[in-house]
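Novice: To start, I am sharing the structure in question, which I have written as structure tokens.
Just so you know, all these numbers are worked out from the coordinates, no wet-lab data involved. Not measured: the values here are computed from a predicted model. When we count neighbours, we look across all protein chains shown, and the Cβ atoms used for this are built from the backbone with ideal geometry, even at glycine.
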């Protein structure tokens, strides 16, 4: 298996800079199915992070309550169904289908996601869809989520074992689940069957509530802007995911400067992190 240590120079190749001929729909449309009654903030964080990454259009699929939250935070978001170039689903959604009305509604929207063959990010409550879709698919678990997913698929492993050897288990997961795997941790690994990407060690300040939602939003936006490149070469899915992880960590470093940060503050520095990569 080919292995690569990811750099800002690598990331620059996968940040699409608009030209004078571009318009909002040519710059990528992301469909977002995130948030729930238990975790409404995930809807806001994923949407704001995606828009801050340089997205043409964001379509948020939700109950009216969550839609109002997202529109209050990001009035440029659209809240009606339509054509999308990529999907981001699952952040802040319970894996239990009937835990509340909002989560039940999310799972109904998941069926719409599965009917459109575009690059897709599965996070949190949508991880059980891994390996069940025909489109290029990325999952973004932490060690605990990956352990639960693998056990459900008949592979006995603990979260402690995955944390002890994340490189090994990211490779096992991509082989067994037939998806691209971004395994979150102090060092993030992104695995596909034929190659592995290792990210630089992340700032420990990223260990804060909502940080994963921000990462998912960044990657979702990049999938939408790079969807043609991904459909032409599925290996680009891992490269685009690595670019998202690089932007995420760099934005956190800019926000922190050695001090505590919040998920919201990470979002504020996404444009500056991208600017520095593009220099």
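Novice: I need to check one value: relative contact order of the stretch 181-231, counting alpha carbon pairs closer than 8 Å and at least 6 residues apart, in percent. List each step's numbers first, then the result.
Specialist: On the way: 33 pairs, mean separation 10.3, N = 51.
RCO, the stretch 181-231: 20 percent.
Novice: If all Cα-Cα distances of the stretch 124-279 are sorted into 10 Å bins from 0 onward, what percent lands in each bin, rounded to whole numbers?
Specialist: 11, 41, 35, 12, 1
Novice: Just the ratio, please: alpha-carbon radius of gyration of the stretch 117-183 over 2.2 N^0.38 Å, N its number of residues. The partial results should precede the final answer.
Specialist: Numbers: Rg = 11.0 Å, N = 67, 2.2 N^0.38 = 10.9 Å.
With N residues counted in the stretch 117-183, Rg over 2.2 N^0.38 Å equals 1.01.
Novice: Give me the percent of DSSP beta bridges within the chain that run antiparallel, rounded to the nearest 5. Could you put the intermediate results ahead of the total?
Specialist: Working: 7 of 28 bridges.
Bridges in the chain that DSSP calls antiparallel: roughly 25 percent.
Novice: Which residue, 172, 17, 118, has the most motion in a Gaussian network model of the chain that connects Cα atoms within less than 10 Å?
Specialist: Fluctuation is largest for 17.
Novice: Now for a different question. Taking a quarter of the surface of the Cα convex hull of the stretch 58-191, what do you get in nm²?
Specialist: 8.6 nm²
Novice: Let me know the volume per residue of the alpha-carbon convex hull for the stretch 232-279, in Å³. Kindly include the intermediate steps, with their values, before the conclusion.
Specialist: Working: hull volume 3.9 nm³, N = 48.
Taking only Cα atoms, the stretch 232-279 has a hull volume of 81 Å³ per residue.
Novice: Then there's this: Any idea what diffusion coefficient the stretch 1-90 gets from Stokes-Einstein, in µm²/s, Kirkwood Rh on alpha carbon pairs, 37 °C, 0.692 mPa s?
Specialist: Values: Rh = 14.4 Å.
Diffusion coefficient, whole number: 228 µm²/s.
Novice: Now, a different point. Given 20 °C and 1.002 mPa s, compute D for the stretch 189-279 with the Stokes-Einstein relation, Rh being the Kirkwood radius over Cα pairs; round to the nearest whole µm²/s. Show your work: numbers first, answer last.
Specialist: On the way: Rh = 13.6 Å.
The diffusion coefficient I find is 158 µm²/s.
Novice: With an 8 Å cut-off on Cα pairs and a minimum separation of 6 or more residues, tell me the relative contact order of the stretch 14-171 in percent. Spell out each step's value before the answer.
Specialist: Details: 265 pairs, mean separation 29.8, N = 158.
In percent, rounded to a whole number, it is 19.
Novice: With no solvent and one point per C-alpha, what does the Debye sum give as log10 I(q)/I(0) for the chain at q = 0.10, 0.16 Å⁻¹?
Specialist: For the chain at q = 0.10, 0.16 Å⁻¹, log10 I(q)/I(0) is -0.44, -1.25.
Novice: In what sequence, highest mean first, do 241-248, 154-161, 58-65 appear when ranked by Cβ atoms within 10 angstrom? Before the final figure, lay out the partial values.
Specialist: Numbers: 241-248: 27.9, 154-161: 12.5, 58-65: 20.2.
Most protected by this proxy first, the peptides run 241-248, 58-65, 154-161.
Novice: Going by Cα centres, the stretch 6-62 and the stretch 157-199 are how many Å apart?
Specialist: 24 Å
Novice: Where a ≥ b ≥ c are the square roots of the eigenvalues of the C-alpha gyration tensor, would you call the stretch 145-211 rounded, which needs a/c under 1.5, or, failing that, prolate if a/b is larger than b/c, or oblate?
Specialist: Values: a/c = 2.02, a/b = 1.35, b/c = 1.49.
Here the stretch 145-211 falls in the oblate category.
Novice: Normalised by the residues of the chain, what does the relative contact order come to in percent, with Cα pairs under 8 Å and at least six apart? Walk me through the numbers before you get to the answer.
Specialist: Values: 596 pairs, mean separation 66.3, N = 279.
Reported as a whole number, the value is 24 percent.
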